[in-house]
Amino acid sequence: MTAPDLAALRDLLGPPGVLSAPADLERYLVDERRLYRGRAAAVLRPDSTHALATAVAWCHAHGVAMVPQGGNTGYCGGATPDESGQQVVISLERMTRVRRVDASAFALTVEAGATLASVQAAAHDAGLLFPLSMGSEGSAQIGGALSTNAGGLAVLRYGTARDLVLGLEVVLPDGRVWDGLRVLRKDNTGYDLKHCFIGAEGTLGIISAAVLKLFPAQSQRETAWLAVDDLAAACRVLAALRHRLGDAMTSFEYISGESLALVLANVPDTSAPQVVSPAHVLVEIAAGEGHGLRETFERALLALSDEGLVRDAVLAQNETQRRACWRLRETIPAAEKQLGGSVKHDVSVQIDRLPALERAARSAVLAHVPTARLSVYGHVGDGNLHFNVLAPADADPVPFKTAHAEAVSTLVHEAASVLDGSFSAEHGVGKLKRELLRDVEGPLAIELMRRLKQAFDPLGLMNPGKVLLPPDAP
Ligand code: 2HG
Ligand code: ZN
């Protein structure tokens with residue numbers, strides 16, 4: 001790897017396009033969870049696809065490795081440079097334009113650096129809905145969300161990032177631009193190249209723009225906070241509500257009593273919901289005009305409490321109450337961070353196996369560290385649980401994580417694997433889970449992934465060492 005010639009890059013991108021002063025680089029070198037700290041020769045900030053392609057072509061010609069970075073909100077270190085100081089970070093933060101809104105085609109074309117919140121706002125301004133939503137949506141960028149195939153809070157109804165894409169524009173590792181920005185709902189012309197880049201975490205090319213699917217705005221929305229006995233009851237409620245409400249359900253989020261307690265004790269401006277129990281569910285449903293949504297929902301919840309599945313239920317009466325419910329769910333990661341962070345797991349299994357997963361992981365982890373605190377919550381509607389492990393209340397979290405993270409993660413991932421589940425439902429692989437990917441996916445899958453990498457990036461300059469271990473790794 002050669003050190004890049006910054007003067008040449010400044011000539012190509014202009015002074016705002018190249019950062020190299022240590023203080024300017026700082027925020028690009030550390031990941032959201034502070035798991036990794038890298039170094040970089042520079043941060044490149046192109047402001048157009050042309051500028052991005054020019055920068056990438058230059059790096060390709062000079063053998064400079066590139067690390068694409070969106071909002072830097074990822075959990076697996078996929079956007080952090082290595083420690084060599086010779087890589088460049090390529091930030092998409094200046095590429096934020098909404099290029100087109102095709103309201104009658106229910107589509108929007110946007111550059112990769114736009115935040116999810118700004119894409120939602122652009123869709124809203126056109127009287128439509130862009131449903132990808134998550135706690136980090138104010139900083140997470142659409143390019144990063146697509147590159148990690150992010151999930152979030154409305155996957156149950158609208159799918160993950162992958163499901164929301166009609167077309168992509170990608171700068172390939174040699175600087176050529178693949179223009180796949182089609183506004184087509186149906187297009188069976190050969191291999192579907194866009195899906196190679198979605199979820200590839202910037203290892204095959206840099207997504208520079210995307211055509212996203214929009215949906216009809218939902219004029220009616222109802223949110224309920226439910227108290228249930230446990231995760232098994234929550235899963236039964238999910239199935240029952242799906243039968244009764246059909247596709248109206250947009251979110252079905254599980255919040256254990258343990259996670260709720262962490263939030264109430266550590267996050268400002270939160271107060272206990274009217275109904276508290278060992279386990280809770282936040283359900284949101286939405287529909288267009290004329291569906292009598294609230295009555296249907298109330299009837300369904302009443303029936304479930306008659307059956308003994310729901311202990312208690314409170315419907316939000318206004319937007320303030322709705323926001324208060326969501327705050328209790330969305331700030332769980334912030335509460336964990338406040339306590340020094342957690343050993344995080346992002347596991348999924350088929351939905352009816354979630355209770356078995358939780359039981360197995362809980363007993364294995366507590367057998368290993370009986371005093372650990374657990375924070376179990378997540379997107380139960382998608383079979384996806386965040387099974388997070390925190391240091392005991394009186395222990396320092398740093399030595400706790402150093403001593404136990406590896407063993408605890410092995411136990412949780414084994415519990416998922418035995419149930420034919422995944423060790424990364426929505427957060428990707430990055431640097432953190434490369435060994436797991438190699439060990440779990442098996443040699444054939446890894447061989448195919450390596451061939452794909454070789455086909456798109458023969459020089460290995462695009463986000464090297466992410467997702468796949470370096471070829472010479474033991
Ligand atoms: C969420 O669902 C995010 O809130 C973060 O995926 C999960 O912090 C976590 O473990
Ligand atoms: Zn999540």
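Things to note:
- Against the list (1) in contact with a Leu (Cβ under 7 Å, 6 or more places away or on another chain); (2) in a helix (DSSP H, G or I); (3) over 30 Å from residue 388 (Cβ atoms), the condition residue 260 fails is (3).
- Among the residues of region 114-135, at least one is over 20 Å from residue 217 (Cα atoms), free of Cβ contacts under 8 Å to residues at least 60 places away in the same chain and within 20 Å of the chain's Cα centre (by Cα).
- Within region 107-127, the set of residues being surrounded by fewer than 20 Cβ atoms within 10 Å (Cβ to Cβ) and farther than 18 Å from residue 208 by Cβ comprises 117, 120, 121, 124, 125, 126, 127.
So that you can scan it fast, the table gives a plain yes or no per residue for (1) out of contact with any Gly (no Cβ under 9 Å at 6 or more places or on another chain); (2) buried (at least 19 other Cβ atoms within 10 Å of the Cβ); (3) assigned to a strand (DSSP E or B):
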position: 196; (1), (2), (3): no, no, no
position: 200; (1), (2), (3): yes, yes, no
position: 203; (1), (2), (3): no, yes, no
position: 210; (1), (2), (3): no, yes, yes
position: 221; (1), (2), (3): yes, no, yes
position: 224; (1), (2), (3): yes, yes, yes
position: 242; (1), (2), (3): no, no, no
position: 247; (1), (2), (3): yes, no, no
position: 254; (1), (2), (3): no, yes, yes
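- Set 336, 330: member being in contact with a strand residue (DSSP E or B) (Cβ under 7 Å, 6 or more places away or on another chain), buried (at least 19 other Cβ atoms within 10 Å of the Cβ) and among the acidic types (Asp, Glu): 336
- Residue check, residue 381 surrounded by fewer than 22 Cβ atoms within 10 Å (Cβ to Cβ) and at pLDDT below 95: no
- Only residues that are within 14 Å of ligand 2 (Cβ to nearest atom), over 20 Å from residue 331 (Cα atoms) and part of a loop (DSSP other than H, G, I, E, B) were counted in region 116-163, giving 3.
Yes/no per residue for (1) of a type in the set (Val, Ile, Thr); (2) within 16 Å of ligand 1 (Cβ to nearest atom); (3) within 30 Å of residue 290 (Cα to Cα); (4) out of contact with any Leu (no Cβ under 6 Å at 6 or more places or on another chain):
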{"residue": "139", "(1), (2), (3), (4)": "no, yes, no, yes"}
{"residue": "149", "(1), (2), (3), (4)": "no, yes, no, yes"}
{"residue": "161", "(1), (2), (3), (4)": "no, yes, yes, no"}
{"residue": "173", "(1), (2), (3), (4)": "no, no, no, no"}
{"residue": "180", "(1), (2), (3), (4)": "no, no, no, no"}
{"residue": "192", "(1), (2), (3), (4)": "no, no, no, yes"}
{"residue": "198", "(1), (2), (3), (4)": "yes, no, no, no"}
{"residue": "202", "(1), (2), (3), (4)": "no, no, no, yes"}
{"residue": "232", "(1), (2), (3), (4)": "no, no, no, yes"}
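- Region 37-54, subset of a type outside the set (A, V, I, L, M, F, W, C) and part of a helix (DSSP H, G or I), residue surrounded by the most Cβ atoms within 10 Å (Cβ to Cβ): 49
- Test: residue in region 384-391 that is surrounded by 13 or more Cβ atoms within 10 Å (Cβ to Cβ) and of a type in the set (Gly, Ala, Ser): yes
- The residue of region 409-426 that is farthest from residue 148 (Cα to Cα), among those that are buried (at least 22 other Cβ atoms within 10 Å of the Cβ), within 13 Å of ligand 1 (Cβ to nearest atom) and of a type outside the set (Asp, Glu), is 412.
- When region 387-412 is filtered for residues that are within 16 Å of ligand 2 (Cβ to nearest atom) and either of a type outside the set (Val, Ile, Thr) or over 20 Å from residue 332 (Cα atoms) (or both), the ones remaining, listed by number, are 387, 388.
- Residues satisfying the criterion are present in region 312-323 (criterion: touching a Cys at 6+ places or on another chain (Cβ under 9 Å), outside any helix (DSSP H, G or I) and not β-branched (Val, Ile, Thr)).
- Exactly one residue among 10, 34 is surrounded by fewer than 18 Cβ atoms within 10 Å (Cβ to Cβ), not aliphatic (A, V, I, L, M) and not in a helix (DSSP H, G or I), and that residue is 34.
- Enumeration of residues in region 427-456 that are over 15 Å from residue 473 (Cβ atoms) and in contact with a strand residue (DSSP E or B) (Cβ under 6 Å, 6 or more places away or on another chain): 427
- When region 350-378 is limited to residues that are surrounded by 16 or more Cβ atoms within 10 Å (Cβ to Cβ) and of a type in the set (Val, Ile, Thr), the one that is nearest to ligand 1 (Cβ to nearest atom) turns out to be 376.
- For region 416-448, taking the residues that are of a type in the set (A, V, I, L, M, F, W, C) and within 16 Å of ligand 2 (Cβ to nearest atom), the one that is nearest to residue 382 (Cα to Cα) is identified as 425.
- All positions within region 324-343 that are within 29 Å of residue 301 (Cβ to Cβ) and either assigned to a strand (DSSP E or B) or among the basic types (Lys, Arg) (or both): 327, 329
The values are calculated or read from the model by the stated rules, or taken from the named source; none is laboratory data. Nothing here was measured: the structure is a model prediction, and the numbers come from that model. Note that we place each Cβ from the backbone using ideal geometry, even for glycine, and neighbour counts take in every protein chain shown.
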